[in-house]
There are 2 protein chains.
Amino acid sequence: MITRLSNLFLRTLREDPADAEVLSHKLLVRAGYIRRVAPGVYTLLPLGLRTVRNIEQVVREEMDRFGAQELLFPALLPKEPYEQTNRWTEYGDSLFRLKDRKQADYLLGPTHEEMFTTAVKDMYSSYKDFPVTLYQIQTKYRDEERPRAGILRGREFVMKDSYSFDMTDEGLEQSYQNHRKAYQAIFDRLGVDYAICFATSGAMGGSASEEFLAISPAGEDTFVRATEGDYAANVEAVVTQPGVERDPAEAPEAVEHDTPQSETIAALVQWANDAGVQVEGRAVEASDTLKCIVVKTKQPGAKEWELAGVLLPGDREVDMKRLEASLEPAEVELASEEDFAKNDFLVKGYVGPRALIANDVKVYADPRVVRGTSWITGADAPQRHVVGLTVGRDFEIDEYIEAAEIKEGDPAPEGQGVLTLERGIEIGHIFQLGRKYTEAFDVQILDENGKRSIPTMGSYGIGITRLLGVLAEQRADDKGLNWPVEVAPYKVHVVVANKDKEAAEAAEQLVADLDAAGIDVLFDDRPKVSPGVKFKDAELLGMPYVVVLGRAFKDGKVELRRAGQEAEEVDASNVAQTLVGLLK
Amino acid sequence: MITRLSNLFLRTLREDPADAEVLSHKLLVRAGYIRRVAPGVYTLLPLGLRTVRNIEQVVREEMDRFGAQELLFPALLPKEPYEQTNRWTEYGDSLFRLKDRKQADYLLGPTHEEMFTTAVKDMYSSYKDFPVTLYQIQTKYRDEERPRAGILRGREFVMKDSYSFDMTDEGLEQSYQNHRKAYQAIFDRLGVDYAICFATSGAMGGSASEEFLAISPAGEDTFVRATEGDYAANVEAVVTQPGVERDPAEAPEAVEHDTPQSETIAALVQWANDAGVQVEGRAVEASDTLKCIVVKTKQPGAKEWELAGVLLPGDREVDMKRLEASLEPAEVELASEEDFAKNDFLVKGYVGPRALIANDVKVYADPRVVRGTSWITGADAPQRHVVGLTVGRDFEIDEYIEAAEIKEGDPAPEGQGVLTLERGIEIGHIFQLGRKYTEAFDVQILDENGKRSIPTMGSYGIGITRLLGVLAEQRADDKGLNWPVEVAPYKVHVVVANKDKEAAEAAEQLVADLDAAGIDVLFDDRPKVSPGVKFKDAELLGMPYVVVLGRAFKDGKVELRRAGQEAEEVDASNVAQTLVGLLK
């Protein structure tokens, strides 16, 4: 296909759009790939649509390769199935809801577990029909609170979502691995720089859920990677290496002290060192103190909030996201001033575990607060702390949870060095969902023995339009976009920067030759546009190969440009052949 | 591509779905192409999706061929542009409206004139950028009052919509003709039996709007075709051949009569013939009488309804759709009992034109009620009629309009014989829209002289998912579907109906050979399914070629079946070659 810039529905901009913060957003708008219609709602202009179609095609090929079957559910969905799984309510404000002319409730599908599950229930009844993996490439809707970064986080977006149905857990593991391999093939072909992150604790639950994160400072998700080895995980999924257990009886006795004005950890450490307190023969550090964070939790369906304590080493802040993930599906919030006021035993700045336990408040703790460890912590009285309060002797932990912030340099699991913190953009997610939806819809399948059995599901997603933004973000520089060959809307961009009739004719021949070889070409044939503007546009639009017919054309030479490489002079007579060779 | 029926996500049904009335709906559900999710909202199952994609591809190729450019607008659209054109209100209950979490108003796009127009306004400013034709293949939403016939009239459906922008009327005519030719090529390639119908009066306005109607008794639209020549038109667009004018002075004088119990035309004709009344020396017929139908109209923006009279030859019923189309954008209704009660001069059953005129009621008339013609009509008094009331002498017509029903055998225009009435399904519409939207959004473009000029638009649509239903409807019989090659989800369906190992092996080789030749094959490899069930499924699913490896396989023969043709025996050894030949 040959597309001429003299005709293409395109206007490139020299100025960044006012609402754009990240590079991909700026460049995709400036280069005329996307155009904003409403917050988080974008039009794909011709170049953007071609690029998205190429991404879709790579995804489709790799899904088909392992036998997944494509179909297409509607976006407009009736309320009932989503009520049956409670997601009509659970989605809260993120769900676009609407009524039809008969006042029946509908939603715009944010994800389609309900639809796939009921389709399988209606159409299949025997184990012989399984396993089956179904997918769609479909437009989804989520009313994001803060749509941002152009198409990186939109409210209308295209996703590939797939669902596997297996009769056994081993089958699910196989379907999961099929997806994992297909996703690796997809992201490798697309040229994305990504990490596969445990989304739930790898140490505890195998690989029941993993996220594919494109590595990018523009990402909203923080994740960790090991310096040695390929361990990577969501911050929520990082498992703290527990402390070493000791015999609590061997710890020195706990002693209370007056500690004036020591509400902060820094002040407490200062006091301890001024007072000559020592821990194992050395000065006190923040990590020798114990923070008692008072929170309140609410179980699903419960009406009342309940107080709880979270014990962390004093050098760690609480990470609310990690805490929330640990306590899910319960809700959690920090205790308010009012909560402190209502509960006399909570002495702000001096809360310790003993008052919590004495008042039947549940005590959660970081895995480092292990049996036999001694801590400097609040004595539950104003300006008072206790030194040497020891787990398993002076107080007990109800439950260990992950609630502390992760820091660069924390130990990685299994001797893989230490952790580094990075930012990423979620581009894929694979998840062993189990029987949540098949049970909700009572999907009964006859097994080999004629008994009824409920199949187990996996759910898997790839953000298609998001990948347009991710590839832009990872590969662009401030001059413009830079598409990998497999994704580029056109593989070659031919620029005529010479007013001689011969150059124009040679360019026409070149694009015809490339087209004949099945190579899609963008042809800058605009007669009254200066070479400088054409070069700037070529840089901005970002095709993998740019051929310039310029001054050297009179000597039979054209310039071949590739992103990140020096331009090279090539014989005009065989540039088409050269490109065919490079592209096959 | 080879798809095995042993794996395909499919369950064929022997029973018609309870809610299905038309053949295509029944068969598409029974053959597992579509599945209902809500009224007018369907899932495309794997076979249905492949078929729709093939239809899309034909449309895309023919659009691209004349230089139309594809892009993709969102379905979720902000209210403001649709308010600017008043369509937010005009669409009434057909528009799906919703609010986002910030209570901003959105709609699900039923059509995208506003979006295309504002995109062109933002991106283009000079005549050099024109003409431009843009299109999308996109999911649209209309909250139909009566979704019906499966995907023939859905509430979520896929359309190709395109819009042309030209600086001159001649340019618009060219863009319109480009679409017209492309649509003919598309529907010809798809193998649809269709007619191109004037959607507005062909005699008056050239071809400003035409509809492509697939001919089908299941269609909701009635249209006419000429018995000689290719004239076809929507019923709304048919132009009545006017009567011959005469000198009113030459008509016999009008005479009033007592006509007891003559409220109906039949009774009036009976009275006239009993009374010995003659018209040009012959007995009176219904077409010699004149109906005065009292209606009321409301102009857009007006608060009050106004009375009006519609005069029709007595052998014609009023066709409200034609009347509405004639009076658009005004609304029109038949006068109510209350209207008669409030207006003493309206004597029910005996209304004539004279009382209407005397009371300043506007008089519309059928084109046959021409100057100099004489009529038997109401005398505006109970049980009284007038004979010989003559246009241009006894009363005048304010405006001629099309309001009478069309009948089989009415004269066709320009000596093309007579009209036949047929039913059709709208599959395409092309429309010279003019400057309605470019003016609404004040799209100012600098012309060659540096003056501001507003471009003129065309709008054009093809119902993509509807075509799936149309092709099913037109080509199926009660045993099953029958796809044309270009559209079929698989070109060949290979059935193993022989338990010998050699037959199974030969089938594997055959599908591999077809696949290697680029032919998509559906392979019924199900080991435990009887030949009878396999044949029934093959008939139901409707691939263009079915190859059966049956009893004759031991003699080196296979059966090749084509819809509507006798099955023929072919040498097993060269059936692949035969098929490649037939399909290339």
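The values are calculated or read from the model by the stated rules, or taken from the named source; none is laboratory data. This one's a predicted model, so the numbers in the text were calculated from it and none came from an experiment. Every residue, glycine as well, gets a Cβ built from its backbone with ideal geometry; the counts of neighbours run over all protein chains shown. Surface accessibility is based on the protein's heavy atoms, side chains included, excluding ligands, DNA and RNA. Shrake-Rupley method; radii C 1.70, N 1.55, O 1.52, S 1.80 Å.
The table below gives the values:
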{"quantity": "Gain on full stretching of the segment that runs from B:Ala516 to B:Ala266 - 0.36 nm per residue minus C-alpha separation", "calculated": "82.7 nm"}
{"quantity": "Residue mean of other protein chain beta carbons inside 10 Å, A:153-166", "calculated": "1"}
{"quantity": "Charge-dipole axis of segment A:357-398 as Lys and Arg at +1 and Asp and Glu at -1 on Cβ define it, positive-most pick from A:Ala381, A:Asn359, A:Val370", "calculated": "A:Val370"}
{"quantity": "Accessible-area value, A:Glu439, 1.4 Å probe, nucleic acids and ligands omitted, Å²", "calculated": "110 Å²"}
{"quantity": "Sum of -39500 (n - 2.57) over DSSP H runs of 4+, divided by residues of chain B (222 nm, nearest 500)", "calculated": "-8000 deg cm²/dmol"}
{"quantity": "For chain B, diffusion coefficient by Stokes-Einstein and Kirkwood Rh (Cα), 10 °C, 1.306 mPa s, µm²/s", "calculated": "57 µm²/s"}
{"quantity": "Pairwise label distance in nanometres, B:Arg11 with B:Arg53, each label 7 Å out on the Cα-Cβ vector", "calculated": "2.5 nm"}
{"quantity": "Accessible area in square angstrom per residue, the protein assembly as shown, 1.4 angstrom probe", "calculated": "43 Å²"}
{"quantity": "Peptide B:62-74 - average C-beta neighbours from other chains (10 Å radius)", "calculated": "5"}
{"quantity": "Inter-copy label distances at B:Arg452 (7 Å, Cα→Cβ; nm, one decimal)", "calculated": "7.2"}
{"quantity": "A:Val239, B:Val255, reordered so the largest accessible area comes first (probe 1.4 Å)", "calculated": "B:Val255, A:Val239"}
{"quantity": "Inter-copy label distances at A:Lys181 (7 Å, Cα→Cβ; nm, one decimal)", "calculated": "5.1"}
{"quantity": "Percent antiparallel among DSSP beta bridges (both partners in segment A:492-583, rounded to 5)", "calculated": "45 percent"}
{"quantity": "Residues in segment B:103-128 reached by a label modelled at B:Lys79 [backbone nitrogen below 19 Å; 7 Å Cα→Cβ]", "calculated": "B:103-111, B:114-115"}
{"quantity": "Nearest-10 value in Å² for the accessible area of A:Lys554, using the 1.4 Å probe", "calculated": "150 Å²"}
{"quantity": "Per-selection Rg to Rh, segment B:248-400 - Cα, Kirkwood hydrodynamic radius", "calculated": "0.97"}
{"quantity": "Computed FRET value (nearest 0.05) for B:Glu396 with B:Glu145, which takes r as the C-beta separation and R₀ as 60 Å", "calculated": "0.90"}
{"quantity": "Whichever lysines have a C-alpha closer than 16 Å to that of B:Lys291, once near sequence neighbours (fewer than 8 apart) are set aside", "calculated": "B:Lys348, B:Lys362"}
{"quantity": "Residue of chain A nearest the A-to-B rotation axis [by Cβ], rounded angstrom distance", "calculated": "A:Leu98, 2"}
{"quantity": "Listed pairs A:Lys102/B:Lys298; A:Lys26/A:Lys534; A:Lys140/B:Lys491 exceeding 25 Å between Cα atoms", "calculated": "A:Lys102/B:Lys298; A:Lys140/B:Lys491"}
{"quantity": "Surface share of carbon and sulfur [accessible, 1.4 angstrom probe, percent] for segment A:492-583", "calculated": "47 percent"}
{"quantity": "Scattering curve values for segment B:491-584, log₁₀ I(q)/I(0), Debye with Cα scatterers, q = 0.24 Å⁻¹", "calculated": "-1.40"}
{"quantity": "Antiparallel DSSP beta bridges within chain A, as percent of all bridges there, nearest 5", "calculated": "80 percent"}
{"quantity": "Segment A:282-299 - phi-based ³J(HN,Hα) in whole Hz, Karplus 6.51/-1.76/1.60, Gly and Pro as x", "calculated": "10, 5, 6, 10, 4, 6, 8, 9, 10, 7, 10, 8, 8, 10, 10, 10, 9, 6"}
{"quantity": "In sequence order, calculated HN-Hα J values of segment B:229-235 (Karplus, 6.51, -1.76, 1.60; Hz; x Gly/Pro)", "calculated": "x, 10, 4, 8, 7, 4, 4"}
{"quantity": "Inter-chain shielding of A:4-14 (mean C-beta neighbours from other protein chains, 10 Å cut-off)", "calculated": "3"}
{"quantity": "Probe 1.4 Å - accessible area at B:His385, Å² to nearest ten", "calculated": "10 Å²"}
{"quantity": "Mean Cα-pair separation over length for segment A:102-177, i.e. relative contact order, pairs under 8 Å, 6 or more apart, %", "calculated": "32 percent"}
{"quantity": "Stretch gain in nm, segment B:Ala552-B:His257, where the contour uses 0.36 nm per residue and the Cα spacing is subtracted", "calculated": "97.6 nm"}
{"quantity": "Residue order for A:Tyr91, A:Tyr364 - accessible surface, 1.4 angstrom probe, largest first", "calculated": "A:Tyr91, A:Tyr364"}
{"quantity": "Computed magnitude of the charge dipole of the protein assembly as shown (debye, nearest 20; Cβ of K, R +1, Cβ of D, E -1)", "calculated": "1440 debye"}
{"quantity": "nm² value of the averaged projected area, convex hull over the Cα atoms of the protein assembly as shown", "calculated": "63.2 nm²"}
{"quantity": "Among beta bridges that DSSP assigns inside segment B:248-400, antiparallel share in %, nearest 5", "calculated": "75 percent"}
{"quantity": "Using a Förster distance of 25 Å, the FRET efficiency for B:Asn359-B:Asp247 (Cβ separation, nearest 0.05)", "calculated": "0.30"}
{"quantity": "Rel. contact order, % - alpha carbon contacts under 8 angstrom, at least six apart, segment B:492-583", "calculated": "31 percent"}
{"quantity": "Calculated label separations, A:Glu328, copies of the chain, 7 Å along the beta-carbon direction, nm", "calculated": "5.3"}
{"quantity": "Largest to smallest accessible area among B:Ile454, B:Ile137 [probe 1.4 Å]", "calculated": "B:Ile454, B:Ile137"}
{"quantity": "Principal axis dimensions, largest first and in whole angstrom, of segment B:163-304 by Cα", "calculated": "62, 40, 34"}
